[in-house]
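Asker: Quick one: the structure is below, questions incoming.
Coordinate-derived values only; no laboratory data. Remember, predicted model here, so these are calculated numbers, not experimental data. Note: ideal-geometry Cβ built from the backbone for every residue, glycine included; neighbour counts use all protein chains shown.
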Amino acid sequence: MTVSSGGASSFGASRLGPVHVGLLGIGTVGAGTFNVLSRNQHEITRRAGRGIEIAAVADLDTARARSLIGEGATDAVRVTDDAFSVVRDPTIDVVVELIGGYGIALKLVLEAIAHGKHVVTANKALLAVHGNEIFAAAREKGVMVAFEAAVAGGIPIIKALREGLTANRIDWIAGIINGTTNFILSEMRDKGSSFEAVLKEAQQLGYAEADPTFDIEGIDAAHKVTIMSAIAFGIPVQFERAHVEGISSLQATDIRYAEQLGYRIKLLGITRRREHGIELRVHPTLIPARRLIANVEGAMNAVWVKGDAVGHTMYYGKGAGAEPTASAVIADLVDVTRTLTVDPGNRVPHLAFQPDAMADLPILPISEVESAYYLRLRVADEPGVLADITRILADAQISIDAVLQREPGEGEHQTDIILLTHVTVEKQCDQAIARIEALSTVVSKATRIRLEDLN
Ligand code: HSE
């Protein structure tokens, strides 16, 4: 099997020789990229106008790399464990970085750029944390850095935000952009199981990593929403300013109560334009069960974008996996191939906006975020408790949307009160919660989950 789609061809544009790609890392996505490029080479060449050929693969496990490439192709593809030799190779036009993380991957990407290579990467962590430095280096050298695969796997959300929606002033984006946590939340809701039980099951099934921290603590989603925020609003990537909460302390009880009130709980990445800044946050969120995005189940991803001209748009698909992610990597390779000869100043800017036209809107601290809230309070079952709580909320100018009180069981002297509030500023909610928790009739810390109507 070879992945060359160049050479003799019936279409005129492919008189140009093939573009030579150096692949760094041939794990799941690398192997998927290799296979899809090979299987669809004719279609891809028809679209790109010339062949796209993987000429070198760097992987620490060269034996595995050779077996994935296939015996027949190892003459055409140089396999090495020295990734730096690939990024410095003068015959390589484009480097595809699929190593991940921001250690060696950062060094390799910067070295590739320094050697005038275009870069395609699926590495959200790298771009969310070091994107500004990488894009500045790429601008200096006049090369492209393409990253469709970094956000929501196979969903072409980067292209949509950067190009398809370019007429719009984007108002907000809300996305289910981590499949692992969406799978866990779906299972918790379906089976009523605890977070810990479902995580264990997800690990056994191979849906969750052995170390699931990045996924379950919201870090992976925060990397992705950071990148979308930069492209949507024309601001630098600012992962360090994102507010990040995962799902590890979410209780099955709250999923149940939310359901009774007509809501689902999803881990959302949210970024919203406000008058004086940008909200950038990841946290479990109640959303009305009737919204399309509330019905995105299992490991699927979905991103909802609200633009002033287009209105509401939603993008749905697989956010991970070998071929869905390869689909995005190859789309970037085709994009790069098509614009290789374009003057760098006339290409689509890395972050959608011209570099000298970036906005300096700050990322708002979480205390300034506006949201509605779900509050669960464990209270003594006594007269006047609800009145005390609602008085505190009224004093804080927080309007109540719904109240649910569980009937205490036989002989039980405590019960749960669940309140849904209208939209307020988070610091107002914090102050009200502190006063509520200080009531002698409120017997434990409040559970607070943000609620977004998405309307
Ligand atoms: N681990 C991610 C997820 C996929 O569960 O969606 C890669 O970002």
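Asker: Using a Förster radius of 56 Å, what is the FRET efficiency between R274 and A210 based on their Cβ-Cβ separation? Nearest 0.05, please.
Answerer: 0.90
Asker: Expressed as a fraction of 2.2 N^0.38 Å, the rule-of-thumb size for a compact globular protein of N residues, what is the C-alpha radius of gyration of the range 369-451?
Answerer: 1.04
Asker: A further question follows. Can you put V21, V334 in order of Cβ neighbours within 10 angstrom, beginning with the fewest?
Answerer: V334, V21
Asker: Around N455, what is the net charge, scoring Lys/Arg as +1 and Asp/Glu as -1 over all other residues with Cβ under 11 Å from its Cβ?
Answerer: Neighbour charge sum, excluding N455 itself: +1.
Asker: Rg to Rh ratio, the range 157-318, alpha-carbon atoms and Kirkwood radius?
Answerer: Ratio of gyration radius to Kirkwood radius: 0.97.
Asker: Let me ask something else about it. What is the order of F147, F195, fewest Cβ neighbours within 10 Å to most?
Answerer: F195, F147
Asker: Please label the shape of the range 380-421 as rounded, prolate or oblate, based on the square roots a ≥ b ≥ c of the eigenvalues of the alpha-carbon gyration tensor (a/c under 1.5 means rounded; beyond that, a/b larger than b/c means prolate, else oblate).
Answerer: Oblate, because a/c is 1.5 or more while a/b does not exceed b/c.
Asker: Towards the positive end of the charge dipole of the chain, with charges on Cβ (+1 Lys, Arg; -1 Asp, Glu), say which of S186, C429, G25 has the farthest Cα.
Answerer: Towards the positive end, the residue furthest out is G25.
Asker: Charges only on Cβ, +1 for Lys and Arg, -1 for Asp and Glu: so what's the dipole of the range 369-451 about the Cα centre, in debye to the nearest 20?
Answerer: The dipole magnitude comes to about 300 debye.
Asker: Under 14 Å from the Cβ of K191, count the other residues' Cβ atoms, weight Lys and Arg +1, Asp and Glu -1, and hand me the total.
Answerer: -3
Asker: Mind pulling the angle between the C-alpha long axis of helix 219-233 and the longest principal axis of the chain? Nearest 10 degrees, somewhere in 0 to 90.
Answerer: The angle comes out near 80 degrees.
Asker: A further question follows. Stretch D61-D360 to full length: gain in nm at 0.36 nm per residue minus the Cα-Cα span?
Answerer: So the chain would gain 103.2 nm between D61 and D360.
Asker: Shifting gears a bit: Which of the aspartates and glutamates could be linked to K159 by a straight reach, that is with a Cα gap under 12 Å, when you skip same-chain ones fewer than 8 residues away?
Answerer: K159 reaches E148, D332, D335.
Asker: Assigning unit charges at the beta carbon (Lys, Arg +1; Asp, Glu -1) and nothing else, what dipole magnitude in debye, to the nearest 20, does the chain show about its Cα centre?
Answerer: Charge dipole, the chain, about its Cα centre: 1180 debye, nearest 20.
Asker: Give me the percent of Cα-Cα pairs in the range 12-78 that sit more than 21 Å apart, rounded to a whole number.
Answerer: I get 24 percent for the Cα pairs in the range 12-78 exceeding 21 Å.
Asker: Pop the C-beta distance of Q251 and K107 into the FRET formula with R0 = 41 Å and round what comes out to the nearest 0.05.
Answerer: 0.45
Asker: In nanometres, what is the gap between the two model label sites at K445 and L292, each 7 Å from Cα along Cα-to-Cβ?
Answerer: 3.8 nm
Asker: For Q397 and A167, calculate 0.36 nm times their separation in residues minus their Cα-Cα distance, and state this gained length in nm to one decimal.
Answerer: 79.0 nm
Asker: Given the rule -39500 (n - 2.57) for each run of at least 4 DSSP H residues, summed and divided by the residues of the chain, what is its mean residue ellipticity at 222 nm, to the nearest 500 deg cm²/dmol?
Answerer: -10000 deg cm²/dmol
Asker: Name the residue farthest towards the positive end of the dipole of the chain from the options P349, L205, I392, assuming +1 on Cβ of Lys and Arg, -1 on Cβ of Asp and Glu, about the Cα centre.
Answerer: P349
Asker: Along the Cα-to-Cβ line of A380, 7 Å from the Cα, sits a label point; which residues in the range 397-412 have backbone N less than 18 Å from it?
Answerer: From the range 397-412, the list is 408-409, 411-412.
Asker: Follow-up. Starting with the fewest neighbours, write out M300, M314 ranked by other beta-carbon atoms found within 10 Å of each beta-carbon.
Answerer: Listing M300, M314 from fewest to most nearby Cβ atoms yields M314, M300.
Asker: Compute the acute angle (0 to 90°) between the alpha-carbon long axis of helix 426-437 and the principal axis of greatest extent of the alpha-carbon atoms of the chain; round to the nearest 10°.
Answerer: Helix 426-437 sits at roughly 40 degrees to that axis.
Asker: Placing +1 at every Lys and Arg Cβ and -1 at every Asp and Glu Cβ, with all other atoms neutral, what dipole size does the range 157-318 have around its Cα centre, in debye to the nearest 20?
Answerer: 620 debye
Asker: Here is a follow-up. What is the sum of charges around H413, taking Lys and Arg as +1, Asp and Glu as -1, for the other residues whose C-beta is under 15 Å from the C-beta of H413?
Answerer: My count for the surroundings of H413 gives -4.
Asker: Related question: When the chain is fully extended, how far beyond the present Cα-Cα distance does T390 get from E43, taking 0.36 nm per residue of separation?
Answerer: Stretched out fully, the T390 to E43 stretch lengthens by 118.6 nm.
Asker: Compute the projected area of the convex hull of the Cα atoms of the chain, averaged over all viewing directions, and report it in nm² to one decimal place.
Answerer: With every direction weighted equally, the projected area is 23.3 nm².
Asker: If I fit a long axis through the Cα atoms of helix 124-141 and take the longest principal axis of the Cα atoms of the chain, what angle between them do I get, 0 to 90°, rounded to 10?
Answerer: That works out to roughly 40 degrees.
Asker: Moving on to the next point. Hey, can you grab everything whose amide H is under 5 Å from the amide H of R406? Only 5+ residues off in sequence or another chain; H modelled, so Pro and N-termini drop out.
Answerer: D416, I418
Asker: When the Cα centres of the range 206-243 and the range 398-455 are compared, how far apart do they sit, in Å?
Answerer: Centre-to-centre distance over Cα atoms comes out at 29 Å.
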